[in-house]
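Read the structure below first, then the notes.
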Amino acid sequence: MLDGNVDPQAWMNRGATGEPELNTFLRLGSHLGSAETLEQFLDHCGRVPVTECVFSAGGPAATRAKYRSLLRRLAKRPVGGGRTRGR
């Protein structure tokens, strides 16, 4: 688990469940710890074969690049709330 203590609705929707949560999150610097943990995960994942970490791209730098590419694709075309195409 990379981050289980942050309300994603409060983070993404600018305080959907209340501004104090978001402000506390930023004031405590939790976002920095989360970012560092993600970087460490991507580095560790990239050091092992795909059989041990399915997101591995064959090396730490390549795995981080794969993650950044995924973020760019999601920014252009977000995955929407569980809806299936054609419905």
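The values are calculated or read from the model by the stated rules, or taken from the named source; none is laboratory data. Everything quoted here is computed from the prediction, not taken from an experiment. Cβ placement follows ideal geometry from the backbone for every residue including glycine, while neighbour counts extend to all protein chains displayed. Side chains included, ligands, DNA and RNA excluded: accessible areas come from the protein's heavy atoms. Shrake-Rupley method; radii C 1.70, N 1.55, O 1.52, S 1.80 Å.
One table, with the values for the structure above:
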{"quantity": "Probe 1.4 Å, protein heavy atoms only - accessible area per residue of the range 29-80 in square angstrom", "calculated": "70 Å²"}
{"quantity": "Förster-model FRET efficiency, 25 Å R0, residue 44 and residue 65, C-beta, rounded to 0.05", "calculated": "0.95"}
